[in-house]
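Single-structure report; data block below.
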Number of protein chains: 2
Amino acid sequence: MPLFLDVHPAQPGVTAEAVAEAHRKDLAVQAKYGVRYIKYWYDPTTGKVFCLSEAPSKEAALAVHREAHGQMPDDIFEVQEYE
Amino acid sequence: MPLFLDVHPAQPGVTAEAVAEAHRKDLAVQAKYGVRYIKYWYDPTTGKVFCLSEAPSKEAALAVHREAHGQMPDDIFEVQEYE
């Protein structure tokens, strides 16, 4: 399954709790689109959020965010992960 | 130890092998700065690269990239990771 990393715009003042709540909404919706949100990273200073997901397509990953909470990333990349 | 996610500019045409070689150079240099590069993600379509590291500071994480290969990110964020 393709892997996607999406990059949300900085949202100064957004709290960890607000981001966690949005993520819970993603998890509640994702099965409908065949998507699995795996991890996210949140910078409390800038409010920047990055989300890693497995999805059948970029559009499917975005559809989850759109339906779950409407907070859309500026960019989304289909990525390969390496250690 | 703080966690950092850095975002490199898109580099169309950059190969997975070139990115892997740069990453190997990071790994060879990181101990000098007390840094551990953990994972990276590479988009073969755009050449976009994201690197996740543990480092004592943003400056230390950047110093590794600077000394190892000189390919610097546009942005670096101190992040918290969630599942």
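The values are calculated or read from the model by the stated rules, or taken from the named source; none is laboratory data. Since we're looking at a predicted model, the values are computed, not measured. For neighbour counting, all protein chains shown are included, and Cβ atoms are generated from backbone atoms with ideal geometry for every residue, glycine included.
Suppose we filter segment A:1-18 for residues that are part of a loop (DSSP other than H, G, I, E, B), under 19 Å from B:Tyr40 (Cα atoms) and either touching a Lys or Arg at 6+ places or on another chain (Cβ under 7 Å) or among the aromatic types (Phe, Trp, Tyr) (or both); how many remain?
1
Scan (1) within 16 Å of A:Lys48 (Cα to Cα); (2) outside any strand (DSSP E or B); (3) not charged (D, E, K, R) for the single condition B:Phe77 breaks and write down its number.
Looking at each condition in turn, B:Phe77 falls short on (2).
Out of all the residues in segment A:60-83, is one or more under 30 Å from B:Arg24 (Cβ atoms), of a type in the set (Ser, Thr, Tyr), within 11 Å of chain B (Cβ to nearest Cβ) and out of contact with any Pro (no Cβ under 7 Å at 6 or more places or on another chain)?
yes
Of the residues that sit in segment A:19-50 and are assigned to a helix (DSSP H, G or I) and surrounded by fewer than 16 Cβ atoms within 10 Å (Cβ to Cβ), which one is farthest from the other protein chains (Cβ to nearest Cβ)? Reasoning before the result, please.
Initially, segment A:19-50 is screened for residues assigned to a helix (DSSP H, G or I), giving A:19-33.
Still in the running and surrounded by fewer than 16 Cβ atoms within 10 Å (Cβ to Cβ): A:20-21, A:24, A:27-28, A:31-32.
Values: A:Ala20: 7, A:Glu21: 12, A:Arg24: 11, A:Leu27: 10, A:Ala28: 15, A:Ala31: 17, A:Lys32: 20 Å.
The extreme case among them is A:Lys32.
Restricting attention to segment B:27-41, does a residue exist that is modelled with pLDDT of 95 or more, touching a Leu at 6+ places or on another chain (Cβ under 9 Å) and among the polar types (S, T, N, Q)?
no
Could you tell me how many of the residues in segment A:47-61 are closer than 20 Å to A:Ala18 by Cβ and in contact with a strand residue (DSSP E or B) (Cβ under 7 Å, 6 or more places away or on another chain)?
Kept after step one, since they are closer than 20 Å to A:Ala18 by Cβ, are these residues of segment A:47-61: A:47-53.
Retained after the next criterion (residues that are in contact with a strand residue (DSSP E or B) (Cβ under 7 Å, 6 or more places away or on another chain)): A:48-53.
Matching residues across segment A:47-61 total 6.
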